[in-house]
Structure formats: structure tokens, C-alpha cells
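Report on the structure given below.
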Amino acid sequence: MSEQRTEPDGRTRHYGVFSGLSEPEDDGTIALVVGNCQAESLRIFLDGAGLTTVRMPPVHELTATDLPQLERWLGRAGLLVSQPVRDDYHDLPLGTSQLAAMLPREARVVRVPVVRFAGLYPAHVIVRPPSDASLVPPVVEYHDVRLIAEAAGRPLATDALTPAVVRSVAELSLAELRRREVAHDTVVASDLFDVGTGADGSGTPRFDQMRTLNHPGNPVWTALASRVRERAGLPEHVVDPGRPVLSSVHAPREQAVIDAWGLDDQSTDHWVVGGERVDVDEVRRAHLAWYAEHPDAVEAAMTRHADTFALWGAA
């Protein structure tokens, strides 16, 4: 009787090289880029000029069944680019130091920060309910401090968002990004959002740099890839992927932000999710209903982001 072959599933095919279905077409130094959803964007901008990158699942999606392939590629890699990942992440040996220990002796390790910048979307925060950290609100996964405050029974003034608040939230966000860069010895990304010191408060943040609080645009990836190459001792190489990356969600653009940075953009009253327009009122209704079901998310947000709420004038 002939042995039946099992067709690989969609995930295996999507990560075909990583999974061993095929070999890389190029013969440059193998590089792995490890991290959250930002890692794949950085990988795209690093590929080429003697560097062969391997598309792999984001670290939070890796399972025990992926470990043999991960170890195989680490054993072949000359460069590991990684966001800081703690040891035994998800009870698996996925910490940055653990992965580095599997590399050949001559391989290089370059750490990169998780890029979050709130200076273009100062109302948005990220938080998970303590009762179930896998839960996120519907429609869009970003929490709005104004809706959190309303759900907590401490509504903010309708005119609470001012250019001064925008700049203060930006500085708070940058301070945290700088702290993480130093703590983990990563390449620097914080200076890409230099908020300036001019009398009019103008600076360099632009909407093409960040599509949401944590979804950088192509200009950020171009700069970050260049800095990774420099630290790794690789030649300069600029990649144009021919499309915007990490672009499935775009947050609304608020007038106070435009005024704070002296931008020419128009304000918007909607999200763009998967290419479809979603009005902020739809998000508001869905999120307030979700908060009524998950009050611990409201409490966690008020506690975790107390400094941000203070800048907004929350009592």
C-alpha cells in the first residue's frame, strides 16, 4: 500500500522556507528577524545586498512544533535581529539570549526596540484585561483614553486634547522608548520622532511615520534597517518594497495633533481597517459595550496609563 502524503497547511506554506518546504533563492548570509508583527516589516527592509532573510512567524505565534525548524535556521544564521524577548517566553526557549546561544560562534546579534510613539495618536493606549490577557476590544484593538475615562465614570472635557497635551504625551512616549533602548542596548529609533524645540512647537513627527500607535510606516523601516546594517557591519542597502507595509489599520488624524506639529494634513473622523472606512462613532459604541462586559480592562488602563491620563487632565 502506498503511503499517503499530507498536504502542508496554509501556515506552513506561508512560511515555506522557514518550514523547510524550500530553500532560499539567494546565497547571502542567513538572517532571522524575531519579534512581534513589526519584525516582518523590518525583515523586508533588510533583505538583499548579501543578506538572505527568512520569513518566520512572529514570536507570539511560535509553538513547540516550530522549535526544530527555528533551531535549524539559527544554526545556519550569521545574523540574529531581535526585539528584546524575555527568557522562556510562553514557556518556550524563545528569549533573545536563548536564541543567541543557538547561533554559530561567529554570528552577530543586533537588538531592535519595539517601536511605539504616541505623539501622532495621543488618545490611544494598549492594555489587556487582567482576567484574560488574550482579549482585545472589537473593531480596533486600540483603547481611547476618552472612552476609558467615560466608562470609568470620569469623563474628560470635550476640549481636553490640545497641542500642549499632544506634545506632553509625545515626550512621555519618547522617554519610555529611550529607556527601553538603553536598557536593552538596541539600535536607536527614538530620534526619528524628534519633537523639536521651536517656539511654535513644530517638529518632525509625520503621519507617514506611524499609521497607529505601534504600526510604523516605510520611512521608519528604511531608517531602522540602515541602523541595523550599520551595527552589524553590513554595507548600506535601501529597499523599496513597492507598497506600504504594516498598513492594514490607520487611526484617525486629530486637529490638535496637526496643530501641534504644524502639519499640512487634514483631520479625519474615521479609522481605516483592511481598506474599509470605520467611523469613530461605530468604534465608540462597540468599545463602550465591551468595557461594560470587561470592567477590569478599564481599571487596568487607568492604573497602567495613569501618567497619560494625568496629562489629559483626568482627576
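The values are calculated or read from the model by the stated rules, or taken from the named source; none is laboratory data. On a predicted model such as this, the values are computed, not experimentally measured, just so you know. Backbone-built Cβ (ideal geometry, glycine too); neighbour counts: all protein chains shown.
Using the structure shown, decide if THR65 is surrounded by fewer than 19 Cβ atoms within 10 Å (Cβ to Cβ) and of a type outside the set (Gly, Ala, Ser). First the steps, then the outcome.
On the way: surrounded by fewer than 19 Cβ atoms within 10 Å (Cβ to Cβ): yes; of a type outside the set (Gly, Ala, Ser): yes.
For THR65, the condition - surrounded by fewer than 19 Cβ atoms within 10 Å (Cβ to Cβ) and of a type outside the set (Gly, Ala, Ser) - is met.
Only one residue in LEU67, LEU32 is modelled with pLDDT of 90 or more, touching a strand residue (DSSP E or B) at 6+ places or on another chain (Cβ under 9 Å) and either not assigned by TED's automatic domain parsing to the domain that holds ARG180 or not β-branched (Val, Ile, Thr) (or both). Which one?
Values: LEU67 fails: touching a strand residue (DSSP E or B) at 6+ places or on another chain (Cβ under 9 Å).
Going through LEU67, LEU32 in turn, just one is modelled with pLDDT of 90 or more, touching a strand residue (DSSP E or B) at 6+ places or on another chain (Cβ under 9 Å) and either not assigned by TED's automatic domain parsing to the domain that holds ARG180 or not β-branched (Val, Ile, Thr) (or both): LEU32.
I need every pair where a residue in the stretch 283-304 that is not assigned by TED's automatic domain parsing to the domain that holds ARG146 has its Cβ under 8 Å from the Cβ of a residue that is of a type in the set (Val, Ile, Thr), sequence separation at least 6 or different chains.
Pairs that qualify, where the first residue is not assigned by TED's automatic domain parsing to the domain that holds ARG146 and the partner is of a type in the set (Val, Ile, Thr): there are none.
Among the residues that make up the stretch 198-214, is at least one of them assigned to a helix (DSSP H, G or I), of a type outside the set (A, V, I, L, M) and in contact with a Phe, Trp or Tyr (Cβ under 9 Å, 6 or more places away or on another chain)?
No, the stretch 198-214 contains no residue that is assigned to a helix (DSSP H, G or I), of a type outside the set (A, V, I, L, M) and in contact with a Phe, Trp or Tyr (Cβ under 9 Å, 6 or more places away or on another chain).
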